[in-house]
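Each reported figure results from applying straightforward, stated rules to the coordinates on display, with no laboratory input. Keep in mind it's a predicted model, so treat the numbers as computed, not measured. FYI the Cβ positions are ideal-geometry reconstructions off the backbone, even for glycines, and counts take in every protein chain you see.
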Amino acid sequence: MSATKQGSPPPAPKGEVSGAEAIIRFLGDHGADLVFGYPGGAVIPLYDAMFGSNVRHVLCRHEQGAAHAADGFARASGRTGVVFATSGPGATNLVTGLANAHMDSVPLVAITGQVSTTSIGTDSFQEADIYGITIPITKYNYLVKEPGDLLDVLAEAFHLASSGRPGPVLVDVPKDIQVAQIRYHKPSPPAIPGYVPRPQPSADEVAALAEAVHRSMRPVFYVGGGAASTGVHREILKLAEGSDVAVATSLLAKGVFPDAHELSLGLPGMHGAKYANLAINESDLIIGLGVRFDDRVVGDVRRFAPLARIGHVDVDPAEIGKRLSVDLPVTGDLKLVLDMLAKKLKPSGRPEWRARIAELKAAYPLAVPESGPSGKIKPQALVKAVSDATGGEAVTVTDVGQHQMWAAQLIRSVKPRRFLSSGGLGTMGYGLPAAMGAALSEPGVPTVLIAGDGGIQMNIQELATVRENDVPVKIIVSNNGCLGMVRQWQQFFFGRRYSSTVFGYNPDFARIAQAYDIPARRIEDPSGLAEAVSDLVRSDGPGLLDVAVDPEENVLPMIPAGKGQTDFFGEG
Amino acid sequence: MKKIISVLVRNRPGVLSHVAGLVTRRGYNVESIAAGPTENHEITRITLVVKGEEPVLDQVTKQIRKLIDVIKVEPIPHEAAMTGELALITVSFTPEKKSEIMNIIGLLGLAIKHIERDSATVMIAGSAQSIDTAINGLSPFHIKAMARTGLVALPLLENWSPA
Ligand SMILES: Cc1ncc(C[n+]2csc(CCOP(=O)(O)OP(=O)(O)O)c2C)c(N)n1
Ligand SMILES: [Mg+2]
């Protein structure tokens with residue numbers, strides 16, 4: 001047997017690199033120098049190329065964790081998150097993370113290994129058709145079949161992920177493509193016929209919108225994730241203040257408009273404040289800005305805002321008219337539209353509307369209940385303590401459930417990209433990895449996670465990643481001993497039959513954290529709450545606080561699914 | 001209500017999965033889907049016939065337009081469409097019925113592609129309606145197998161005629 005067949009591969013011709021090296025070089029050249037992932041057989045060449053490169057890899061403990069971490073990184077920073085996984089089970093473990101990012105329009109690029117092109121379709125070891133599997137949950141996806149296509153595909157993938165309405169893009173790279181020799185080149189600028197990432201708004205449509213605002217007595221902006229991702233919070237603040245427009249923010253837009261602002265309505269919909277839904281009900285003009293009018297906000301499209309004309313601005317024309325019919329549609333990039341609108345709008349005060357909003361807010365405040373004789377910490381008080389301790393400045397990440405809705409109601413956000421939550425998919429297990437990704441996106445910004453005792457266990461393995469990388473995430477477990485949100489629905493709508501929602505056993509979360517060498521404690525007494533939370537927030541490095549909260553609390557107000565804006569549960 | 005939607009797409013592997021997947025995923029009611037090359041070898045034309053109410057059809061068009069590989073979506077109103085479809089139909093018969101069936105095939109103007117002692121395969125190309133007529137005409141006999149391509153369409157151009 002000749003020696004050359006066994007040793008290291010022959011040196012590549014000058015100017016050529018392996019596909020794997022090309023990927024790593026591309027990432028470095030494009031500022032994507034932090035990657036979350038998990039290795040395996042089909043990506044060994046990729047990991048080999050990364051070894052010693054200037055791309056930093058954070059080894060998560062599950063591919064789902066890696067995907068959510070990249071998602072949290074992207075939401076907090078506005079940059080595209082990158083995740084690596086191997087073929088087969090590695091790739092399928094990304095599915096929930098991709099679906100989550102797709103629902104919430106988060107820019108991600110997932111690079112997966114695949115079996116060699118010659119083996120595709122033969123059910124070879126760890127082969128899964130991740131291209132086929134992810135068609136419905138990505139903005140776009142690729143299976144690279146020619147080494148020569150690789151760099152152009154990567155350039156297109158990053159372009160698609162971050163432009164227009166952002167979203168996840170998956171690039172499946174067979175192993176033989178990773179080892180093939182290619183010439184490294186600057187990829188040609190992506191040209192995708194028919195893809196218009198920044199549609200120019202029609203001047204007439206914007207003029208009609210401005211005219212509608214002029215004529216409106218009780219205007220409301222209903223702002224969504226599109227406003228957060230395009231960074232138009234200043235534009236919105238200026239327009240709202242100039243024309244006395246009340247502002248409701250969807251879960252994904254929390255922080256785009258300061259929660260404490262006089263004109264803020266906060267979260268509308270199912271668990272929104274009563275004043276938010278009543279204001280919408282009284283409004284004569286609702287303008288959606290980069291928002292989906294989704295069913296958790298607009299339960300019954302026929303009875304939504306009966307007095308209002310509906311305006312809708314979105315970069316994605318398919319969103320306009322998807323759920324409810326729109327009187328004033330504007331397709332276009334939000335920033336462009338708001339700039340045009342600012343030129344057209346003559347500022348004018350609406351003191352009566354301002355007064356009405358103040359009145360509604362005073363009449364129906366979001367209350368934090370007292371602990372009372374039960375002596376139990378109220379979960380709402382826990383969330384409020386977090387808000388007080390951070391002043392809304394921290395990146396606050398939630399998991400999914402009751403604690404998430406209380407956080408949405410009671411955290412006083414002051415800036416965009418500082419409240420991260422799984423909205424459209426409602427993915428339990430999102431919080432811990434996402435908080436980790438967010439904390440790694442910008443050193444020095446305190447990051448607080450509020451998770452339920454159910455959801456924290458869905459990606460609890462990431463405590464190892466947190467410890468290994470010394471990620472300063474402050475973890476708070478809102479521990480009610482149950483799957484609170486589902487238990488609440490069972491209480492309200494299924495005759496208190498608590499089928500499989502009350503845990504008969506829960507581990508000691510503080511001791512779990514300690515086993516990962518993360519400082520942790522548990523509290524049960526309301527009197528120590530504020531101090532414990534503030535100590536945690538001010539501590540260095542990661543930490544966990546397990547807070548025993550009252551299991552009987554429900555998220556209120558509540559509009560049952562499918563109901564109108566004033567159908568508050570428990571009334572009439 | 002029925003609508004013809006003509007979709008021009010980048011000719012990429014997987015593009016049909018993207019379009020077909022979207023249609024099923026969003027629960028649209030598709031009567032037929034036909035794909036084939038165009039005058040430009042980089043572009044494929046997919047013709048969909050979709051059933052539904054106007055707002056749904058509007059959504060179908062918008063959602064398809066959103067697909068990255070889609071270059072252009074043209075809803076073609078029936079009155080402004082040139083349409084065509086092709087079908088192959090195999091009928092079986094007993095020897096006594098042979099002349100009767102040949103007679104009908106002749107009357108319907110169908111082209112015989114293949115013939116056996118007890119079966120014949122005919123081809124018809126034309127409007128969806130003419131194909132339905134042929135099927136109706138043959139239905140008293142035993143239709144053993146049938147393949148239809150689904151409708152293809154082009155918009156009627158004002159100053160163009162096939163003369
Ligand atoms: C992956 C996943 N599985 C199931 C659900 C359904 N679900 C929604 S909220 C919830 C309860 C969450 O319980 P916990 O994490 O303890 O939070 P709590 O509601 O008690 O605050 C469940 C099971 C979900 N959203 N995500
Ligand atoms: Mg719980």
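Using Cβ contacts closer than 10 Å as the measure, can you line up A:Trp353, A:Trp489 from fewest to most? Mind dumping the intermediate values first?
Details: A:Trp353 23, A:Trp489 16.
So the ranking, lowest neighbour count to highest, is A:Trp489, A:Trp353.
Once you compute Rg and the Kirkwood Rh from C-alpha atoms, what is the Rg to Rh ratio for the stretch A:203-363?
On the way: Rg = 13.8 Å, Rh = 15.1 Å.
Rounded to two decimals, Rg over Rh is 0.91.
Tell me, what ³J(HN,Hα) does each residue in the stretch A:108-122 have, in order and in whole Hz, if you take phi through Karplus 6.51 cos²θ - 1.76 cosθ + 1.60 with θ = phi - 60° and put x for Gly and Pro?
Whole-Hz 3J(HN,Hα) from phi for the stretch A:108-122: 9, 10, 9, 10, 10, x, 9, 4, 4, 3, 6, 9, 4, x, 10.
Plugging the Kirkwood radius over Cα pairs into Stokes-Einstein for the stretch A:78-134, at a temperature of 20 °C and a viscosity of 1.002 mPa s, what D comes out in µm²/s?
Diffusion coefficient, whole number: 178 µm²/s.
Debye sum, Cα scatterers, the stretch B:28-145, no solvent: what log₁₀ I/I(0) at q = 0.09, 0.11, 0.13, 0.23 1/Å?
-0.39, -0.54, -0.68, -1.27
Using only the alpha carbon atoms of the stretch B:2-76, find the Kirkwood hydrodynamic radius as the inverse mean reciprocal pair distance, in angstroms to one decimal.
Hydrodynamic radius (Kirkwood, Cα only) of the stretch B:2-76 equals 12.1 Å.
Compute the distance in nm between two label points, each set 7 Å from the Cα along the Cα-to-Cβ direction, one at B:Ala80 and one at B:Glu31.
So the label points at B:Ala80 and B:Glu31 sit 1.9 nm apart.
The stretch A:254-323: D in µm²/s via Stokes-Einstein (Kirkwood Rh, Cα pairs, 10 °C, 1.306 mPa s)? Numbers along the way, then the final one.
Working: Rh = 12.8 Å.
The calculation lands on 124 µm²/s.
Rounded, prolate or oblate for the stretch A:169-214? Axes are the square roots of the Cα gyration tensor eigenvalues, ordered a ≥ b ≥ c, and the cut-off for rounded is a/c under 1.5.
Prolate shape, in that a/c is at least 1.5 and a/b is the bigger ratio.
Can you say what percent of the DSSP beta bridges in chain A, counting only those with both residues inside, are antiparallel? Round to 5. Mind dumping the intermediate values first?
Details: 4 of 69 bridges.
Taking every DSSP beta bridge with both residues in chain A, the antiparallel ones total about 5 percent.
Starting from the exponent 0.38 and prefactor 2.2 Å, build the expected Rg for the stretch A:478-572 from its residue count and divide its actual Cα Rg by it.
Taking the Cα Rg and dividing by 2.2 N^0.38 Å, one obtains 1.39.
Quick one: divide the alpha-carbon radius of gyration of the stretch A:16-183 by 2.2 N^0.38 Å and tell me what you get.
Normalised by 2.2 N^0.38 Å, the Cα Rg of the stretch A:16-183 equals 0.91.
Taking the radius of gyration and the Kirkwood hydrodynamic radius from Cα positions alone, what is the Rg/Rh ratio for the stretch A:318-448, to two decimal places?
With Rh from the inverse mean 1/r over Cα pairs, Rg/Rh is 1.05.
Could you pull out the trypsin sites (Lys or Arg not before Pro) across the stretch A:465-544 that fall in loop regions by DSSP (anything but H, G, I, E, B) with no more than 13 other Cβ atoms inside 10 Å?
Of the trypsin sites (Lys or Arg not before Pro), the ones in loops of the stretch A:465-544 whose Cβ has at most 13 other Cβ atoms within 10 Å are A:Arg496, A:Arg497.
Evaluate the Kirkwood expression for the hydrodynamic radius of the stretch A:409-554, namely the inverse of the mean inverse distance over all pairs of different C-alpha atoms, and round to one decimal in Å.
Numbers: mean 1/r = 0.0621 Å⁻¹.
Here the Kirkwood hydrodynamic radius works out to 16.1 Å.
When the helices in the protein assembly as shown are scored as -39500 (n - 2.57) per DSSP H run of 4 or longer and the sum is shared across all residues, what 222 nm value do you end up with, to the nearest 500 deg cm²/dmol?
-9500 deg cm²/dmol
At most 16 other C-beta atoms within 10 Å and a DSSP loop state: those are the exposed trypsin sites (Lys or Arg not before Pro) I care about. Give me the longest piece of chain B that has none.
Maximal segment without exposed cleavage sites: B:27-116.
Can you work out ³J(HN,Hα) from phi for every residue in the stretch B:95-100, in order, using Karplus 6.51 cos²θ - 1.76 cosθ + 1.60 and θ = phi - 60°, giving whole Hz and x for Gly and Pro?
Result, ordered by residue: x, 4, 8, 4, 5, 4 Hz.
With a sphere of radius 14 Å drawn around the Cβ of A:Glu468, what net charge do the other residues whose Cβ falls strictly inside it have (Lys, Arg +1; Asp, Glu -1)?
Spelling it out: positives minus negatives among the neighbours equals 0.
Taking each pair of distinct Cα atoms in the stretch B:82-152 once, what is the resulting Kirkwood hydrodynamic radius in Å?
The Cα-based Kirkwood calculation yields 12.1 Å.
Once the Cα atoms of helix B:128-138 and of chain B are each reduced to a long axis, what angle between those two axes, in degrees from 0 to 90 to the nearest 10, is obtained?
In chain B, helix B:128-138 runs at an angle near 20 degrees to the longest axis.
So, in Å, what gap is there between the alpha-carbon centers of the stretch A:450-470 and the stretch A:348-384?
32
What is the Cα coordinate range of chain A on the first, second and third principal axes, sorted by size from largest, in whole angstrom?
Answer, in whole Å and largest first: 88, 60, 42 Å.
With the dipole of the stretch B:55-163 worked out from charges on the C-beta (+1 for Lys and Arg, -1 for Asp and Glu) around the Cα centre, which of B:Pro55, B:Ala153, B:Ile68 lies farthest toward the positive end?
Projecting each Cα onto the dipole axis, the largest value belongs to B:Ile68.
Can you tell me the FRET efficiency between A:Ser527 and A:Glu359 if r is taken as the Cβ-Cβ distance and R0 is 41 Å, rounded to the nearest 0.05?
Calculated value: 0.70.
Towards the positive end of the charge dipole of the stretch A:218-278, with charges on Cβ (+1 Lys, Arg; -1 Asp, Glu), say which of A:Val247, A:Asn277, A:His261 has the farthest Cα.
Result: A:Asn277, furthest along the dipole toward the positive end.
Counting only C-alpha contacts under 8 Å and six or more residues apart, can you give the relative contact order of chain A as a whole percent? Don't skip to the end; give the middle numbers.
Values: 1302 pairs, mean separation 79.7, N = 572.
Over chain A, the number comes to 14 percent.
Counting other Cβ atoms within 10 Å, which GluC sites (Glu not before Pro) in the stretch A:496-570 have at most 16 and lie in a DSSP loop? Show your work: numbers first, answer last.
Numbers: sites: A:Glu524, A:Glu531, A:Glu552, A:Glu553; in loops: A:Glu524, A:Glu552, A:Glu553.
Those satisfying the criteria are A:Glu524, A:Glu552.
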